[in-house]
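Before any comments, here is the structure.
The values are calculated or read from the model by the stated rules, or taken from the named source; none is laboratory data. Model, not experiment: these values are computed from the prediction. FYI the Cβ positions are ideal-geometry reconstructions off the backbone, even for glycines, and counts take in every protein chain you see. Please note that ligands, DNA and RNA were not included when accessible areas were found on the heavy atoms of the full protein model with its side chains. Shrake-Rupley method; radii C 1.70, N 1.55, O 1.52, S 1.80 Å.
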Amino acid sequence: MAKIFTMVLAGGKGERLNPLTEQRAKPAVPFGGKYRIIDFTLSNCLNSGLRQMAVLIQYKSHSLDRHIRTGWNILNPELGEYIVSVPPQQRISEEWYRGTADAVYQNLFLLDNDHPEFLLVLAGDHIYKMNYADMYNLLIEKQADAVVGAIETPLADANRFGVIAVDKDRRILSFDEKPEKPMHIPGDPTQAFVSMGIYLFRTDVVREQLIRDAKEGTKHDFGKNIIPRMIKEQRVYAFKFQDENKKAVKYWRDIGTLDAYWEANMDLVAVDPLFNLYDQQWPIRTYQGQFPPAKFVFAQDFQGGRMGVALDSIVCGGCIISGGRVQNSVLSPNVRVHDHADVRESVVMENVVIGEQARIRRAIIDKDVIIPPKTVIGFDPVADRQRFKVTDSGLVVISKGMKLHAAVDSSG
């Protein structure tokens with residue numbers, strides 16, 4: 001793995017996650033209480049033995065850059081090991097990244113000192129567990145020029161993805177973005193291989209392809225341009241996703257919409273969640289803030305009494321449940337839930353205060369929001385839409401730092 005240099009693409013806007021991406025890049029969006037989305041890709045790299053990683057940032061990257069510097073400054077540069085965030089350098093042109101391939105092309109200078117034999121390109125906004133050493137082993141075994149990560153998907157759903165057609169040896173025959181009639185996996189007419197946005201290349205081969213692509217009027221995209229042309233000219237294979245999550249169903253999520261984001265968080269509080277955060281053999285690391293332990297106060301278990309409880313929930317450090325009730329929810333650090341407040345099926349981010357007797361259901365509340373006493377959210381879709389972003393399913397989303405006023409937002 002020392003022969004591999006890794007570039008993590010983390011400059012996407014994540015427009016479908018708006019308003020969570022109003023002030024941050026999609027990979028920096030909090031997930032699972034204490035993590036950021038990018039932590040899962042970087043943890044995969046670390047657990048796979050990779051030690052040279054460049055995170056290519058671009059869109060509203062301040063919080064992402066700060067998170068990488070404070071939470072991932074864990075390797076020793078004197079040994080040639082590092083995780084660094086790299087903004088657009090404008091070394092080649094004055095334009096921002098025009099596509100995934102162009103992002104790598106504009107940063108080929110990062111390879112000039114060490115001349116790594118292989119280049120691994122990853123997306124920084126997916127949730128999954130994977131040992132990239134398995135991809136490397138396949139590339140060596142097949143004497144391939146490139147390997148593309150692929151996951152089985154029901155044929156009926158495959159037209160939403162980049163579909164990979166392979167022969168019986170899993171050499172890629174074609175790569176089509178969102179085809180009307182996806183090609184099924186050989187021997188299984190119910191499934192198709194779709195791209196995971198994970199690419200391992202021989203560096204000299206992909207460098208030549210990127211330089212060539214930069215001179216042409218393409219979309220400068222790996223899935224649309226680079227991979228289809230390499231299939232015709234080089235040996236490109238599909239790597240069947242081997243899930244380190246060790247569950248009956250493989251877990252790979254591009255949580256690109258608000259409802260998908262909420263559902264993935266809700267899965268984490270299930271008794272047997274699809275995604276296991278507690279596997280010590282595959283740790284997920286992140287920046288750990290200096291918060292005191294979570295605290296639950298008032299145990300007045302009589303009629304009308306106050307009781308601070310959290311059931312089927314994730315509650316991070318610094319939270320105080322002070323006489324309120326939290327159920328089926330994810331609470332990030334430093335959240336306060338006050339007397340007789342009731343929070344259900346919600347994702348509550350850092351530094352949020354839930355006032356007395358507030359009732360909240362099926363909501364995502366971004367950082368630094370103060371919910372006034374007696375506020376009701378998630379029970380009246382018409383009233384919610386007048387104040388907040390509400391998805392078609394009725395999920396309420398409150399923007400970071402949004403100012404709520406008791407006179408307007410309370411029910412009485």
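Taking amide H as placed 1.01 Å from N in the peptide plane, the amide H of VAL376 sits under 5 Å from that of ARG359, SER411, each at least 5 places away or on another chain. Of all the options LEU122, LEU111, LEU46, the one that moves most in a Gaussian network model of the chain with Cα springs shorter than 10 angstrom is LEU111.
Taken one residue at a time, the phi angles of the range 310-323 give Karplus couplings (6.51, -1.76, 1.60, θ = phi - 60°) of 9, 10, 6, 9, 9, 10, 8, x, x, 6, 10, 9, 9, x Hz. Gly and Pro are set to x. Please give the FRET efficiency for PHE109 paired with ASP188, using the beta carbon to beta carbon distance and R0 = 51 Å, rounded to the nearest 0.05. Once the sixth-power term is evaluated, E becomes 0.75. For the residue pairs LYS26/LYS374; LYS3/LYS181; LYS142/LYS232; LYS295/LYS403; LYS60/LYS219; LYS60/LYS389, the C-alpha atoms sit more than 28 angstrom apart in LYS26/LYS374; LYS3/LYS181.
Accessible surface of the chain, 1.4 Å probe: 47 percent of it comes from carbon and sulfur atoms. Toward the positive end of the charge dipole of the range 152-242, with +1 on the Cβ of Lys and Arg and -1 on the Cβ of Asp and Glu, the farthest Cα among ILE211, THR190, ALA156 is that of ILE211. Per-residue 3J(HN,Hα) values for the range 235-240, derived from phi via the Karplus relation 6.51 cos²θ - 1.76 cosθ + 1.60 with θ = phi - 60°, read 8, 10, 10, 9, 9, 6 Hz in sequence order (x marks Gly and Pro). Taking the DSSP bridge list for the chain and keeping only pairs wholly inside it, about 40 percent are antiparallel.
The charge dipole of the range 176-285, taken about the Cα centre with unit charges on the Cβ atoms of Lys, Arg (+1) and Asp, Glu (-1), comes to about 460 debye, rounded to the nearest 20. Per-residue surface analysis assigns GLU263 an accessible area of about 110 Å², computed on protein heavy atoms at 1.4 Å probe radius. Shown in residue order for the range 81-89 are the 3J(HN,Hα) couplings computed by the Karplus curve 6.51 cos²θ - 1.76 cosθ + 1.60 at θ = phi - 60°: 10, 6, 10, 10, 9, 10, x, x, 8 Hz (x for Gly and Pro). Other residues whose C-beta falls under 13 angstrom from the C-beta of ASP167 contribute a net charge of +4, scoring Lys and Arg +1 and Asp and Glu -1. Backbone amide hydrogens, once placed in the peptide plane, bring ASP221 within less than 5 Å of ALA101, ILE226, excluding anything fewer than 5 places away on its chain. Each Lys and Arg adds +1 at its Cβ and each Asp and Glu adds -1 at its Cβ; summed about the Cα centre, the chain shows a dipole of about 480 debye. Summary of the geometry: the range 184-229 and the range 253-289, compared by the centres of their Cα atoms, lie 29 Å apart. Accessible area per residue for the range 332-381, computed on protein heavy atoms with a 1.4 Å probe, is 35 Å². Amide hydrogen proximity for LEU404: with H placed 1.01 Å from N in the peptide plane, the residues at 5 or more positions away or on another chain lying under 5 Å are ILE370. What label, among (i) 22.1; (ii) 25.5; (iii) 31.8, belongs to mean projected area of the Cα convex hull in nm² computed from the structure on display? Matching entry in (i) 22.1; (ii) 25.5; (iii) 31.8: (i).
For SER63, the solvent-accessible surface with a 1.4 Å probe is about 10 Å², rounded to the nearest 10. Farthest toward the positive end of the dipole of the chain, out of LEU56, PHE388, GLY32, is the Cα of PHE388, where the dipole comes from beta carbon charges about the Cα centre.
Dividing the summed helix terms, -39500 (n - 2.57) for each DSSP H run of n ≥ 4, by the number of residues in the chain produces a 222 nm estimate of -5000 deg cm²/dmol to the nearest 500. Residues of the range 21-58 falling in the label zone of GLN280, defined by backbone nitrogen less than 18 Å from a point 7 Å along Cα to beta-carbon, are 47. Working from label points 7 Å from Cα in the Cα-to-Cβ sense, the GLU177 to PHE379 distance is 4.7 nm. Ordered by 1.4 Å accessible area with all protein chains kept, ILE227, ILE370 run largest first as ILE370, ILE227.
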